[in-house]
Amino acid sequence: MHTWHASGQRRSVADWYPRRANGHRLGAKVPVATAICLAAAALCFTVIAPPRVEAQEKPTDPASQTRGQDQPDSAGAQAFDLSDEVVRDVLTNLQRGMETHDLDRVLDVFDAGNMKDFALFHDQMVAFFRLHDNFKFRYQLLQVTADKDRGFAIADIDLDADPSDILPTEQRRSVQMRFQMKRGPKGWKVIGLRPTDFFSQ
């Protein structure tokens, strides 16, 4: 690209840059120097700038996890305590089993593995159900005591039994019964009762 000087001499754009004493032009190298400076500045920023750290979840303190595991669930602990409510659940299952004439449900109230002479009690109940068609079972809980995974309950029991004969005569029997109970994998079960001959008459 050329331009005309006022004197009429033809001059190029380069003639407008200042010259050093040795005759070399300074303006032609300015863009190169500027590019070098910008590149150096970008490199310095890249090196100095801290690396990007992504947000991470705060690690869980192992000690807090251990404390949480060591503390039992209060609702679960109360469910395993032998209370009046727990004993009533057991005796209600016994009552419903008797009144629906469901021998399996009655026997499920007892712990076959921990009850002494369970085989004899089983045969006794089978015979008792065969001799009677209907039962009316009532109970009144009087006392509950517990020691860790074992406990005792005392209740007044009234049982009306209809014999399975031609002219049935309802037989009523009443007793204050003592139940021995034990907590197992399936909850509280009866492992003993007195008097033992209540269901054999």
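The values are calculated or read from the model by the stated rules, or taken from the named source; none is laboratory data. The structure displayed is predicted, hence computed values, not measured ones. Glycine gets a Cβ as well: all are built from the backbone with ideal geometry, and neighbour counts include every protein chain shown.
Take the residues of the range 184-201 that are in a loop (DSSP other than H, G, I, E, B) and not hydroxyl-bearing (Ser, Thr, Tyr): which is surrounded by the fewest Cβ atoms within 10 Å (Cβ to Cβ)?
Kept after step one, since they are in a loop (DSSP other than H, G, I, E, B), are these residues of the range 184-201: 185-186, 195-201.
Applying the additional criterion that residues be not hydroxyl-bearing (Ser, Thr, Tyr) yields 185-186, 195, 197-199, 201.
Working: Pro185: 5, Lys186: 8, Pro195: 12, Asp197: 9, Phe198: 16, Phe199: 19, Gln201: 11.
So the residue we want is Pro185.
This table checks each residue for (1) over 19 Å from Leu91 (Cα atoms); (2) assigned to a helix (DSSP H, G or I).
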residue: Ala112; (1), (2): no, no
residue: Lys116; (1), (2): yes, no
residue: Ala127; (1), (2): yes, yes
residue: Phe137; (1), (2): no, no
residue: Thr145; (1), (2): no, no
residue: Ala155; (1), (2): no, no
residue: Arg172; (1), (2): no, no
residue: Phe179; (1), (2): no, no
residue: Lys182; (1), (2): no, no
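Give me the pairs, please: first residue somewhere in the range 138-156 and in contact (Cβ under 8 Å) with a residue 24 or more places away in the chain and not assigned by TED's automatic domain parsing to the domain that holds Gly97, second residue anywhere and among the aliphatic types (A, V, I, L, M) and part of a loop (DSSP other than H, G, I, E, B), beta-carbon distance under 8 Å, and either six or more positions apart or on two chains.
Between residues of the range 138-156 that are in contact (Cβ under 8 Å) with a residue 24 or more places away in the chain and not assigned by TED's automatic domain parsing to the domain that holds Gly97 and residues that are among the aliphatic types (A, V, I, L, M) and part of a loop (DSSP other than H, G, I, E, B), there is no close pair.
Can you report the number of residues in the range 106-124 which are surrounded by 15 or more Cβ atoms within 10 Å (Cβ to Cβ), free of Cβ contacts under 8 Å to residues at least 24 places away in the same chain and under 32 Å from the mean Cα position of the chain (by Cα)?
3
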